[in-house]
1. What do you reckon, is Ala207 modelled with pLDDT under 85 and surrounded by 14 or more Cβ atoms within 10 Å (Cβ to Cβ)?
2. Tally up the residues in segment 1-34 that are polar (S, T, N, Q) and at pLDDT 80 or above, please.
3. So Ile192 passes all but one of these: (1) without any contact (Cβ under 8 Å) to a residue 12 or more places away in the chain; (2) among the β-branched types (Val, Ile, Thr); (3) surrounded by 19 or more Cβ atoms within 10 Å (Cβ to Cβ). Which condition number does it fail?
4. Taking the condition of being assigned to a helix (DSSP H, G or I) and either at pLDDT below 80 or in contact with a Pro (Cβ under 9 Å, 6 or more places away or on another chain) (or both), how many residues in segment 95-113 meet it?
5. Do the conditions hold for Val184, that is, is it within 21 Å of Phe31 (Cβ to Cβ) and surrounded by 13 or more Cβ atoms within 10 Å (Cβ to Cβ)?
6. Is it fair to say Glu92 is surrounded by 14 or more Cβ atoms within 10 Å (Cβ to Cβ) and at pLDDT below 75?
7. Which of the following residues is out of contact with any Gly (no Cβ under 9 Å at 6 or more places or on another chain), more than 16 Å from Ser81 (Cβ to Cβ), surrounded by fewer than 20 Cβ atoms within 10 Å (Cβ to Cβ) and at pLDDT 85 or above: Phe153, Phe163, Phe132?
8. For residues that are assigned to a helix (DSSP H, G or I) and over 22 Å from the mean Cα position of the chain (by Cα), scanning just segment 231-243, find the one that is nearest to Ile117 (Cα to Cα).
Amino acid sequence: MNDLLTILEKEKNELFSHRILLLSYGFILLFIGLFLPALIGWEASTISSSCKLPEGYTSLLDLEAEYFLPLIFLFVGPFISLPAIADSFSGEAERKTLESLLSTPIKAYHLYLAKAISLFIFVFSFLLVAFFLFLGVMNFVISPFLGIYGLIFPGPKSFYIIFLLFPLILLLSISLGTVVSFKVRSVKATQIISSFLLLPIILLSTAKIILSENPSWSNLIKGSLLLLVLLIIVSLLGKILFNKERLVLG
(Lines give C-alpha, C1' and ligand atoms only; values in the text may rest on other atoms or scores of the structure.)
Protein backbone atom coordinates (compact mmCIF):
# COMPACT_ATOMS: atom_id res chain seq x y z
CA MET A 1 0.00 0.00 0.00
CA ASN A 2 2.85 2.40 0.82
CA ASP A 3 4.42 1.73 -2.58
CA LEU A 4 1.09 2.43 -4.27
CA LEU A 5 0.72 5.74 -2.40
CA THR A 6 4.28 6.70 -3.32
CA ILE A 7 3.58 6.16 -7.02
CA LEU A 8 0.29 8.08 -6.72
CA GLU A 9 2.19 11.03 -5.23
CA LYS A 10 4.79 10.82 -8.01
CA GLU A 11 2.12 10.76 -10.72
CA LYS A 12 0.33 13.73 -9.15
CA ASN A 13 3.54 15.77 -9.12
CA GLU A 14 4.25 14.88 -12.75
CA LEU A 15 0.75 15.87 -13.87
CA PHE A 16 1.00 19.26 -12.19
CA SER A 17 4.47 19.86 -13.65
CA HIS A 18 3.20 19.74 -17.27
CA ARG A 19 2.47 23.40 -17.97
CA ILE A 20 1.12 22.86 -21.50
CA LEU A 21 -1.25 20.17 -20.23
CA LEU A 22 -2.48 22.42 -17.41
CA LEU A 23 -2.88 25.33 -19.84
CA SER A 24 -4.99 23.25 -22.21
CA TYR A 25 -7.13 22.10 -19.28
CA GLY A 26 -7.53 25.74 -18.28
CA PHE A 27 -8.95 26.58 -21.72
CA ILE A 28 -11.40 23.67 -21.42
CA LEU A 29 -12.40 24.91 -17.97
CA LEU A 30 -13.16 28.35 -19.45
CA PHE A 31 -15.15 26.75 -22.27
CA ILE A 32 -17.35 24.63 -19.98
CA GLY A 33 -17.64 27.16 -17.17
CA LEU A 34 -17.98 30.44 -19.10
CA PHE A 35 -18.42 30.05 -22.86
CA LEU A 36 -20.96 27.21 -22.72
CA PRO A 37 -23.32 29.03 -20.30
CA ALA A 38 -23.09 32.14 -22.49
CA LEU A 39 -23.87 30.06 -25.59
CA ILE A 40 -26.82 28.37 -23.89
CA GLY A 41 -28.11 31.72 -22.64
CA TRP A 42 -27.85 33.26 -26.11
CA GLU A 43 -29.66 30.32 -27.71
CA ALA A 44 -32.39 30.38 -25.06
CA SER A 45 -32.90 34.12 -25.63
CA THR A 46 -33.44 33.62 -29.38
CA ILE A 47 -36.22 31.04 -28.95
CA SER A 48 -39.76 32.24 -28.45
CA SER A 49 -40.79 32.06 -24.80
CA SER A 50 -44.23 30.86 -25.92
CA CYS A 51 -42.91 27.52 -27.18
CA LYS A 52 -44.13 24.47 -25.30
CA LEU A 53 -41.63 22.98 -22.85
CA PRO A 54 -41.36 19.26 -22.09
CA GLU A 55 -42.83 18.18 -18.79
CA GLY A 56 -40.58 18.88 -15.82
CA TYR A 57 -38.79 21.93 -17.27
CA THR A 58 -39.52 25.43 -15.98
CA SER A 59 -37.58 27.45 -18.58
CA LEU A 60 -35.77 27.16 -21.90
CA LEU A 61 -32.53 27.80 -20.06
CA ASP A 62 -33.20 24.82 -17.80
CA LEU A 63 -33.94 22.62 -20.83
CA GLU A 64 -30.78 23.68 -22.70
CA ALA A 65 -28.56 23.18 -19.66
CA GLU A 66 -30.10 19.77 -18.95
CA TYR A 67 -29.40 18.60 -22.51
CA PHE A 68 -25.92 20.05 -23.16
CA LEU A 69 -24.07 19.48 -19.89
CA PRO A 70 -24.24 15.64 -19.83
CA LEU A 71 -23.16 15.52 -23.51
CA ILE A 72 -20.13 17.67 -22.76
CA PHE A 73 -19.11 15.36 -19.92
CA LEU A 74 -19.61 12.18 -21.96
CA PHE A 75 -17.42 13.35 -24.84
CA VAL A 76 -14.99 15.90 -23.43
CA GLY A 77 -13.97 13.95 -20.32
CA PRO A 78 -12.49 10.82 -21.94
CA PHE A 79 -10.68 12.71 -24.69
CA ILE A 80 -9.09 15.41 -22.53
CA SER A 81 -7.49 12.59 -20.54
CA LEU A 82 -5.67 11.27 -23.65
CA PRO A 83 -2.55 13.51 -23.45
CA ALA A 84 -1.97 12.50 -19.82
CA ILE A 85 -2.72 8.84 -20.61
CA ALA A 86 -0.25 8.83 -23.50
CA ASP A 87 2.44 10.14 -21.19
CA SER A 88 1.95 7.36 -18.63
CA PHE A 89 4.17 4.54 -19.93
CA SER A 90 4.99 5.90 -23.40
CA GLY A 91 6.28 9.15 -21.93
CA GLU A 92 8.29 7.29 -19.29
CA ALA A 93 9.85 5.14 -22.03
CA GLU A 94 10.72 8.15 -24.22
CA ARG A 95 12.24 10.04 -21.28
CA LYS A 96 14.22 6.92 -20.24
CA THR A 97 12.77 7.07 -16.72
CA LEU A 98 10.89 3.78 -16.88
CA GLU A 99 13.91 1.69 -15.86
CA SER A 100 14.43 3.63 -12.62
CA LEU A 101 10.72 3.27 -11.86
CA LEU A 102 10.94 -0.49 -12.34
CA SER A 103 13.89 -0.76 -9.98
CA THR A 104 11.54 -0.03 -7.07
CA PRO A 105 9.91 -2.98 -5.24
CA ILE A 106 6.41 -2.00 -6.38
CA LYS A 107 4.54 -4.62 -8.41
CA ALA A 108 3.97 -3.85 -12.08
CA TYR A 109 0.18 -4.13 -11.77
CA HIS A 110 0.21 -1.73 -8.81
CA LEU A 111 2.13 0.68 -11.04
CA TYR A 112 -0.63 0.34 -13.64
CA LEU A 113 -3.30 0.94 -10.98
CA ALA A 114 -1.48 3.96 -9.55
CA LYS A 115 -1.20 5.61 -12.96
CA ALA A 116 -4.84 4.91 -13.82
CA ILE A 117 -6.16 6.06 -10.41
CA SER A 118 -4.10 9.26 -10.38
CA LEU A 119 -5.31 10.18 -13.87
CA PHE A 120 -8.92 9.49 -12.92
CA ILE A 121 -8.72 11.65 -9.78
CA PHE A 122 -7.04 14.46 -11.71
CA VAL A 123 -9.48 14.56 -14.65
CA PHE A 124 -12.64 13.94 -12.61
CA SER A 125 -11.70 16.63 -10.05
CA PHE A 126 -11.00 19.07 -12.87
CA LEU A 127 -14.38 18.41 -14.49
CA LEU A 128 -16.15 18.73 -11.13
CA VAL A 129 -14.69 22.23 -10.84
CA ALA A 130 -15.94 22.96 -14.37
CA PHE A 131 -19.36 21.55 -13.43
CA PHE A 132 -19.80 23.82 -10.40
CA LEU A 133 -18.42 26.82 -12.29
CA PHE A 134 -20.99 26.14 -15.03
CA LEU A 135 -23.83 26.00 -12.48
CA GLY A 136 -22.61 29.15 -10.75
CA VAL A 137 -22.48 31.16 -13.98
CA MET A 138 -25.86 29.81 -15.13
CA ASN A 139 -27.62 30.59 -11.84
CA PHE A 140 -25.99 33.87 -10.84
CA VAL A 141 -25.14 35.51 -14.18
CA ILE A 142 -27.08 34.13 -17.16
CA SER A 143 -30.44 33.53 -15.45
CA PRO A 144 -30.74 37.00 -13.84
CA PHE A 145 -29.57 38.63 -17.08
CA LEU A 146 -32.40 36.92 -19.00
CA GLY A 147 -34.91 37.55 -16.23
CA ILE A 148 -35.29 33.84 -15.50
CA TYR A 149 -35.51 32.92 -11.82
CA GLY A 150 -35.36 29.52 -10.19
CA LEU A 151 -32.49 27.18 -9.44
CA ILE A 152 -30.91 25.50 -12.46
CA PHE A 153 -29.56 22.13 -11.40
CA PRO A 154 -29.26 18.77 -13.19
CA GLY A 155 -32.26 16.50 -12.91
CA PRO A 156 -31.98 12.89 -11.69
CA LYS A 157 -31.02 11.50 -15.13
CA SER A 158 -28.39 14.15 -15.84
CA PHE A 159 -27.05 13.66 -12.32
CA TYR A 160 -26.84 9.91 -13.02
CA ILE A 161 -24.98 10.54 -16.29
CA ILE A 162 -22.48 12.97 -14.76
CA PHE A 163 -21.76 11.13 -11.50
CA LEU A 164 -22.08 7.46 -12.50
CA LEU A 165 -22.07 6.92 -16.26
CA PHE A 166 -19.34 9.48 -16.93
CA PRO A 167 -16.94 8.13 -14.24
CA LEU A 168 -17.36 4.64 -15.76
CA ILE A 169 -16.50 5.97 -19.23
CA LEU A 170 -13.56 7.90 -17.80
CA LEU A 171 -12.23 4.89 -15.88
CA LEU A 172 -12.59 2.71 -18.98
CA SER A 173 -10.85 5.22 -21.24
CA ILE A 174 -7.98 5.69 -18.78
CA SER A 175 -7.56 1.94 -18.18
CA LEU A 176 -7.65 1.19 -21.89
CA GLY A 177 -5.32 4.06 -22.75
CA THR A 178 -2.84 2.99 -20.08
CA VAL A 179 -2.75 -0.54 -21.53
CA VAL A 180 -2.19 0.93 -25.02
CA SER A 181 0.56 3.18 -23.65
CA PHE A 182 2.25 0.12 -22.12
CA LYS A 183 2.19 -1.81 -25.41
CA VAL A 184 2.92 0.98 -27.91
CA ARG A 185 5.64 3.01 -26.14
CA SER A 186 5.09 6.09 -28.34
CA VAL A 187 3.16 9.12 -27.09
CA LYS A 188 1.70 10.10 -30.48
CA ALA A 189 0.82 6.52 -31.41
CA THR A 190 -0.86 6.02 -28.02
CA GLN A 191 -3.04 9.09 -28.55
CA ILE A 192 -4.08 8.00 -32.06
CA ILE A 193 -4.80 4.35 -31.17
CA SER A 194 -6.63 5.27 -27.95
CA SER A 195 -8.82 7.75 -29.84
CA PHE A 196 -9.80 5.14 -32.43
CA LEU A 197 -10.62 2.62 -29.70
CA LEU A 198 -12.50 5.04 -27.45
CA LEU A 199 -14.87 6.58 -29.99
CA PRO A 200 -16.76 3.38 -30.93
CA ILE A 201 -16.89 2.31 -27.26
CA ILE A 202 -18.44 5.63 -26.20
CA LEU A 203 -20.90 5.61 -29.10
CA LEU A 204 -21.86 1.98 -28.50
CA SER A 205 -22.59 2.51 -24.82
CA THR A 206 -24.26 5.93 -25.07
CA ALA A 207 -25.88 6.08 -28.54
CA LYS A 208 -29.46 5.82 -27.28
CA ILE A 209 -28.71 8.32 -24.53
CA ILE A 210 -27.15 10.87 -26.89
CA LEU A 211 -29.92 10.62 -29.48
CA SER A 212 -32.68 11.16 -26.94
CA GLU A 213 -33.50 14.44 -25.21
CA ASN A 214 -35.03 12.42 -22.38
CA PRO A 215 -33.27 9.02 -22.24
CA SER A 216 -35.07 6.21 -20.44
CA TRP A 217 -33.72 4.79 -17.20
CA SER A 218 -33.44 1.37 -18.86
CA ASN A 219 -31.07 2.78 -21.51
CA LEU A 220 -29.02 4.54 -18.83
CA ILE A 221 -28.69 1.34 -16.80
CA LYS A 222 -27.90 -0.78 -19.89
CA GLY A 223 -25.16 1.67 -20.88
CA SER A 224 -23.72 1.58 -17.36
CA LEU A 225 -23.70 -2.23 -17.24
CA LEU A 226 -22.00 -2.44 -20.64
CA LEU A 227 -19.32 0.00 -19.51
CA LEU A 228 -18.85 -1.91 -16.25
CA VAL A 229 -18.34 -5.20 -18.12
CA LEU A 230 -15.84 -3.56 -20.49
CA LEU A 231 -14.01 -1.98 -17.55
CA ILE A 232 -13.68 -5.37 -15.82
CA ILE A 233 -12.36 -6.94 -19.05
CA VAL A 234 -9.78 -4.17 -19.57
CA SER A 235 -8.71 -4.34 -15.90
CA LEU A 236 -8.20 -8.11 -16.16
CA LEU A 237 -6.24 -7.56 -19.38
CA GLY A 238 -4.06 -5.06 -17.55
CA LYS A 239 -3.46 -7.54 -14.73
CA ILE A 240 -2.42 -10.21 -17.25
CA LEU A 241 -0.19 -7.95 -19.34
CA PHE A 242 1.59 -5.95 -16.67
CA ASN A 243 4.73 -7.54 -15.32
CA LYS A 244 8.20 -6.11 -14.99
CA GLU A 245 9.76 -8.42 -17.57
CA ARG A 246 7.39 -7.18 -20.28
CA LEU A 247 7.87 -3.58 -19.18
CA VAL A 248 11.65 -3.91 -19.49
CA LEU A 249 11.57 -5.76 -22.81
CA GLY A 250 8.79 -3.60 -24.26
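1. Spelling it out, it is not the case that Ala207 is modelled with pLDDT under 85 and surrounded by 14 or more Cβ atoms within 10 Å (Cβ to Cβ).
2. Of all residues in segment 1-34, those polar (S, T, N, Q) come to 2, 6, 13, 17, 24.
Imposing the further condition that a residue be at pLDDT 80 or above reduces the set to 24.
Qualifying residue count for the region: 1.
3. Answer for Ile192: the failing condition is (3).
4. Number of matching residues: 10.
5. It is false that Val184 is within 21 Å of Phe31 (Cβ to Cβ) and surrounded by 13 or more Cβ atoms within 10 Å (Cβ to Cβ).
6. Answer is yes for this residue.
7. Details: Phe153 fails: at pLDDT 85 or above; Phe132 fails: out of contact with any Gly (no Cβ under 9 Å at 6 or more places or on another chain).
Only one candidate qualifies: Phe163.
8. Step one: list which residues in segment 231-243 are assigned to a helix (DSSP H, G or I), which gives 231-241.
Restricting the remaining residues to those that are over 22 Å from the mean Cα position of the chain (by Cα) gives 239-241.
Values: Lys239: 15, Ile240: 18, Leu241: 18 Å.
Filtering segment 231-243 for residues that are assigned to a helix (DSSP H, G or I) and over 22 Å from the mean Cα position of the chain (by Cα), the one nearest to Ile117 (Cα to Cα) comes out as Lys239.
The values are calculated or read from the model by the stated rules, or taken from the named source; none is laboratory data. Everything quoted here is computed from the prediction, not taken from an experiment. Because the Cβ atoms are built from the backbone with ideal geometry, glycine has one as well, and the counts that use them run over all protein chains shown.
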